[in-house]
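What follows is a set of notes on a single structure, which appears directly below.
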Amino acid sequence: GSRLRQEDFPPRIVEHPSDLIVSKGEPATLNCKAEGRPTPTIEWYKGGERVETDKDDPRSHRMLLPSGSLFFLRIVHGRKSRPDEGIYVCVARNYLGEAVSHNASLEVASK
């Protein structure tokens, strides 16, 4: 059954994430919605590295929402470590290919 079915189509991003400026400790959401058949899997990358979410690590403060959006319970930002600040993209994949969203920057507002 790996024959290409006519109704199958490669992913395309229908909602891209937009740049965010968030206060430290606040929640934030980077939106991403993709369509495709079969339904594409969504992964997030920050600066080329895959973003780990609650599915990879239950203690993670980042969750992958069913829609494909990336939700931060709270923005983590310290003097030494700034794990959430950066440029994000979401990538939607199925067996026909992949689609990459626009870049979205997440900045932490300085008090």
Would you be able to say whether some residue in segment 22-29 is open to solvent by less than 30 Å² (accessible area, probe 1.4 Å) and outside any strand (DSSP E or B)? no
Sole miss for G36 among (1) over 12 Å from the mean Cα position of the chain (by Cα); (2) part of a strand (DSSP E or B); (3) closer than 28 Å to E107 by Cβ is condition (3)
Restricting segment 42-80 to residues that are open to solvent by less than 40 Å² (accessible area, probe 1.4 Å), of a type in the set (A, V, I, L, M) and assigned to a loop (DSSP other than H, G, I, E, B), the one farthest from A109 (Cα to Cα) turns out to be V51
Which residue is surrounded by the fewest Cβ atoms within 10 Å (Cβ to Cβ), if the candidates are limited to segment 85-94 and must be without any contact (Cβ under 8 Å) to a residue 60 or more places away in the chain and over 10 Å from the mean Cα position of the chain (by Cα)? I87
For a quick check of your reading of the model, give me the residue pairs whose first member lies in segment 63-80 and is farther than 14 Å from K24 by Cα, whose second is outside any strand (DSSP E or B) and polar (S, T, N, Q), with beta-carbon atoms closer than 6 Å and at least 6 apart or on different chains. M63/T53; L64/T53; S69/N31
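The values are calculated or read from the model by the stated rules, or taken from the named source; none is laboratory data. Since the model is a prediction, treat every value here as computed from it, not as a measurement. Neighbour counts are summed over all protein chains in view; Cβ atoms, including those assigned to glycine, are modelled from backbone coordinates with ideal geometry. Only protein heavy atoms, including side chains, enter the accessible area calculation; ligands, DNA and RNA are left aside. Shrake-Rupley method; radii C 1.70, N 1.55, O 1.52, S 1.80 Å.
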